[in-house]
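The values are calculated or read from the model by the stated rules, or taken from the named source; none is laboratory data. None of these values were measured; they are calculated from a predicted model. Cβ placement follows ideal geometry from the backbone for every residue including glycine, while neighbour counts extend to all protein chains displayed. Protein only, heavy atoms only, side chains kept; ligands, DNA and RNA dropped before computing areas. Shrake-Rupley method; radii C 1.70, N 1.55, O 1.52, S 1.80 Å.
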Amino acid sequence: MASKKKGKESDFYTDVYSVVKLIPRGRVTSYGAIAQYLGSGLSARMVGWAMHGAPTGVPAHRVVNRIGMLTGKIHFSTPTQMQQLLEKEGIEVKNDKVVKFNQHFWDPTQELL
DNA sequence: GGTCTGACTAAAT
DNA sequence: GATTTAGCCAGAC
């Protein structure tokens, strides 16, 4: 039927979480990459907004901005939580930025193609 | 109901 | 080449 919305949030959020959960360990992606993967006229900002309501189990620390900067770390319990988690997964973080970001970059439009 | 801000990105200056 | 402006959509005031 015509009804599209209900108690549950928009599928957009769920979709973002699903993609983030699919990120393999030791990899990172960008908000824009997820936005383009969903490709429904989304904007990178909405992906970040979706993370704002991300439930436990979503490795939001694996999602960084386009230049690999840990912009979202400020929303974690502690601003160092994000960096610690990334380093623990084998990702080098320096000055709040991912080292060799291009090497650790994981693009859903490429891997999930 | 209008305005501002926000976990971004790309183009223009 | 670095800085600024504009575009994106949704939530909070």
Determine the pairs where a residue that is on the phi > 0 side of the Ramachandran plot, located within the stretch A:21-36, has a partner that is open to solvent by 30 Å² or more (accessible area, probe 1.4 Å) with Cβ atoms under 9 Å apart, the partner being 6 or more residues away or on another chain.
A:26/A:89; A:26/A:90
Within the stretch A:42-64, the count of residues that are more than 15 Å from residue A:14 (Cβ to Cβ), buried (at least 19 other Cβ atoms within 10 Å of the Cβ) and either near DNA strand B (Cβ under 7 Å from one of its atoms) or at pLDDT below 90 (or both) comes to 2
So, in the stretch A:19-70, exactly how many residues are outside any loop (DSSP other than H, G, I, E, B) and either closer than 19 Å to residue A:113 by Cα or away from DNA strand C (no atom under 11 Å from the Cβ) (or both)?
21
Is it the case that the stretch A:97-106 has a residue that's within 11 Å of the chain's Cα centre (by Cα), open to solvent by less than 30 Å² (accessible area, probe 1.4 Å), modelled with pLDDT of 90 or more and not basic (Lys, Arg)?
yes
Selection from the stretch A:71-95 of residues that are in a loop (DSSP other than H, G, I, E, B) and either away from DNA strand C (no atom under 16 Å from the Cβ) or buried (at least 17 other Cβ atoms within 10 Å of the Cβ) (or both)
A:76, A:77, A:78, A:79, A:80, A:89, A:90, A:91, A:92
